[in-house]
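Presented below is the structure to which this report refers.
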Amino acid sequence: MLKKNLKKAHLEALFGKLRDSHRIIGPKIENGAIVLSEIDFHDIPAGFEDHEKAGSYRLVKGDRPEIFSFSVGPDSFKRFLHPPVSRLFAFMRSRVGMTITPSRGEEKP
C-alpha cells in the first residue's frame, strides 16, 4: 500500500480549484465542537484534538500541526447528501391563472 502525504499548500490549492464549481463541506469549529459545514481552507481546525470519554467531549489545541487529528463529533454528511427539504416547484397564482416553475436546483453541487 502506497502512502502519500498531502502538503497544506497543495490542499489549499485544491480548495481554490473546487471553490469555483462546488460547495466544500468539511470540519469546522462551532460552539466548542467540530461540526460539518460549508468551509474554506482556513476553517479546517488544524492542530486541534478532541478528547472523548463516556459522557464527555473536549476540544483542545494540541502541539501537533496535523490538519486532521480529530474525529467529527455528533454530525453526519447525510444532511448534505440527502437534504431533508428540497424545493422542486414554485406555484404562482395570478388573476388569470396559475404558473408552475421548476426549481433551478443548487448552483454548486
Labelled set [x] 94, 23, 17; [y] 34, 29, 28; [z] 68, 37, 28; Cα extents along the principal axes in Å computed from this model equals the value at [z]
What number, rounded to the nearest 500 deg cm²/dmol, is the helix-based mean residue ellipticity at 222 nm of the chain, given -39500 (n - 2.57) per DSSP H run of at least four residues and division by all its residues? -4000 deg cm²/dmol
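Among the trypsin sites (Lys or Arg not before Pro) within the stretch 15-90, which fall in a DSSP loop and have no more than 16 other Cβ atoms within 10 Å of their own Cβ?
Here the sparse-neighbourhood loop sites are R23, R87.
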Relative contact order %, the chain, counting alpha carbon pairs below 8 Å whose residues are six or more apart: 19
Whether the stretch 27-67 is rounded, prolate or oblate, judged on the alpha carbon gyration tensor where a/c under 1.5 counts as rounded: oblate
Counting other Cβ atoms within 10 Å of each Cβ, which chymotrypsin sites (Phe, Trp or Tyr not before Pro) in the stretch 1-97 have at most 14 and sit in a DSSP loop? F68, F77
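Each value in this text was obtained by applying a stated rule to the coordinates, not by laboratory testing. Worth saying up front: this structure is predicted, and the values here are computed from it rather than measured. Positions of Cβ are backbone-derived with ideal geometry, glycine not excepted, and every protein chain shown enters the neighbour counts.
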